[in-house]
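The values are calculated or read from the model by the stated rules, or taken from the named source; none is laboratory data. Bear in mind that the values here come from a model prediction, so they are computed numbers and not experimental data. For neighbour counting, all protein chains shown are included, and Cβ atoms are generated from backbone atoms with ideal geometry for every residue, glycine included.
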Amino acid sequence: MTNALDPAALAPAELDTAIENVHRAGMPGLFAEVRDGDRIWRGAAGVADTATGRPVTPDMRHRVGSITKTFTAAAVLQQVESGRIGLDAPIGRYLPGLVPGERGDAITVRMLINHTSGLAEYLPYAYPSLKAFPNAADTRPESLDDNRFTRFHSTELIERGVTAPATGAPGSTPGVYSNTNYLLLGELLEHVTGTTAEQCITRNVIERAGLRDTELPTGTQVEGPHSQIYEAWFGMIDPPRDYSVYDMSWVGPAGSLISTVTDLNRFFGMLLAGEIVSPSSLAQMQRTVPVISQEGKTIEYGLGLHPTKAPGQATFWGHGGTVWGAGALSMTRADGNRQLSVALNQQRWNTLGPTGEPQPHPIDDALAALCRVAMYG
């Protein structure tokens, strides 16, 4: 259940109820941390292992998916500050072999970070049964098993995205969210620093922020206390299958990060305080453009950050992420004083309707209610 460190400010009873309601709605297990200044609430509900009934706890390590992008973007902005990378320089200046010709001259580093490059998503080409992605109704989950232990090299994935039909002209909006952009940013970091992207991000972002339980993994396991993670693929995997052991080279600096809800709140708090990148770089990260998400929704997206705001409420900044079986969301109020990080151990719980649209599920409303209570009280 929960551990409330300050019952006065965070309405722990409401948070207890809200997180339990997500579990009761069908989520096997989830855990979260909410911060209000120096006041902290941590909670968990459900199980980390559906076979044994082992409970989830708030300190578990977790695959946090595309929250990785904020870490990668921050590492790139640090290199911009040092003069090694030009934010509005063409990617062809640095990686002409990966993005050749006119496209390399037209696509800038900024366009990669904010998904306005027009480069397609490589995933449907690397995972054949997902060839219709993001049109979920025409996909099948077989490739998830086929590639569990596949070791991809980022340059071959990048090539699939670069050679696929473009999603738009470089710089045009709305942009289209694409992991290809962030694999290129990983190659860019390697090019300008002489170390791997993972080493660069670890040294300059993870260690700089003092994150003790955060890493870009090299193996297939999640080390330390963690939950099993279950993928339902829109009801096509029934019962949902455990994908906690997986080679994450398929997503690398775009989505392979392992972290905890405590580390995520620490990172985003420091980032928004100007302690990871400079205040001027943070301002660049918060310049948004319209981008079509992988779910087909138009969102505002900056440089590895996106905002969310309820009517009449303060703006929060952060990122969400999913991988096979695991999901996470981390949002911090613009003034840094209120934070939510939440981790979920099942993904794509919605079934699909006749037109291929995900159907409403009780988890959706329960999760939205948890976020509202956590962010706005």
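Brief remarks follow.
- Residues (buried (at least 23 other Cβ atoms within 10 Å of the Cβ) and out of contact with any His (no Cβ under 6 Å at 6 or more places or on another chain)) located in region 162-175: none
- Every pair of residues 6+ apart whose Cβ atoms lie under 8 Å, when the first sits in region 271-290 and is over 22 Å from P174 (Cα atoms) while the second is among the basic types (K, R): I276/R208
- In region 336-354, residue surrounded by the most Cβ atoms within 10 Å (Cβ to Cβ) [restricted to those that are over 16 Å from I258 (Cα atoms) and either small (G, A, S) or without any contact (Cβ under 8 Å) to a residue 60 or more places away in the chain (or both)]: G336
- Residue check for G168: touching a Ser or Thr at 6+ places or on another chain (Cβ under 8 Å) and in a helix (DSSP H, G or I): no
- Condition check for A314: crowded, with 24+ Cβ neighbours inside 10 Å and among the small types (G, A, S): no
- Counting the residues of region 50-92 that are surrounded by 15 or more Cβ atoms within 10 Å (Cβ to Cβ) and not in a loop (DSSP other than H, G, I, E, B) gives 23.
- Of everything in region 221-241 that is among the aromatic types (F, W, Y) and under 11 Å from P141 (Cα atoms), the residue that is surrounded by the fewest Cβ atoms within 10 Å (Cβ to Cβ) is F234.
- Qualifying residue in region 293-303 (condition: surrounded by 23 or more Cβ atoms within 10 Å (Cβ to Cβ), part of a strand (DSSP E or B) and of a type outside the set (D, E, K, R)): yes
- Taken together, the residues in region 178-194 that are assigned to a loop (DSSP other than H, G, I, E, B) and either modelled with pLDDT under 95 or surrounded by 21 or more Cβ atoms within 10 Å (Cβ to Cβ) (or both) amount to 1.
- Residue check, G255 in contact with a helix residue (DSSP H, G or I) (Cβ under 8 Å, 6 or more places away or on another chain), under 16 Å from A328 (Cβ atoms), surrounded by fewer than 24 Cβ atoms within 10 Å (Cβ to Cβ) and small (G, A, S): yes
- Residue in region 338-358 that is farthest from the chain's Cα centre (by Cα), counting only those that are at pLDDT 95 or above and assigned to a loop (DSSP other than H, G, I, E, B): T351
- For N114, the criteria (1) in contact with a Pro (Cβ under 9 Å, 6 or more places away or on another chain); (2) crowded, with 24+ Cβ neighbours inside 10 Å; (3) farther than 21 Å from V22 by Cβ hold in every case but one, which is (1).
- Pair list, Cβ < 7 Å and 6+ apart or interchain, from region 293-306 residues that are among the hydrophobic types (A, V, I, L, M, F, W, C) to residues that are assigned to a loop (DSSP other than H, G, I, E, B) and surrounded by fewer than 22 Cβ atoms within 10 Å (Cβ to Cβ): I299/S293; L305/Q286
- When region 131-165 is filtered for residues that are in contact with a Ser or Thr (Cβ under 8 Å, 6 or more places away or on another chain), among the polar types (S, T, N, Q) and in a helix (DSSP H, G or I), the ones remaining, listed by number, are S143, S154.
- Residue match in region 158-169 (condition: closer than 24 Å to G302 by Cβ, of a type outside the set (V, I, T) and out of contact with any Gly (no Cβ under 7 Å at 6 or more places or on another chain)): yes
- Checked across region 30-42, the condition of being surrounded by fewer than 18 Cβ atoms within 10 Å (Cβ to Cβ), farther than 17 Å from G186 by Cβ, out of contact with any strand residue (DSSP E or B) (no Cβ under 6 Å at 6 or more places or on another chain) and aliphatic (A, V, I, L, M) holds for no residue.
- Candidates A328, A374, filtered to the one that is of a type in the set (A, V, I, L, M) and either under 14 Å from R35 (Cβ atoms) or modelled with pLDDT under 95 (or both): A374
- Of the residues making up region 158-166, at least one is more than 21 Å from the chain's Cα centre (by Cα), over 23 Å from P239 (Cα atoms) and free of Cβ contacts under 8 Å to residues at least 24 places away in the same chain.
- Members of region 304-321 found to be assigned to a loop (DSSP other than H, G, I, E, B), of a type in the set (G, A, S) and over 17 Å from Y376 (Cβ atoms), listed by number: G304
- Subset of region 11-49 [in a strand (DSSP E or B), touching a residue at least 40 places away in the same chain (Cβ under 8 Å) and basic (K, R)]: R35, R42
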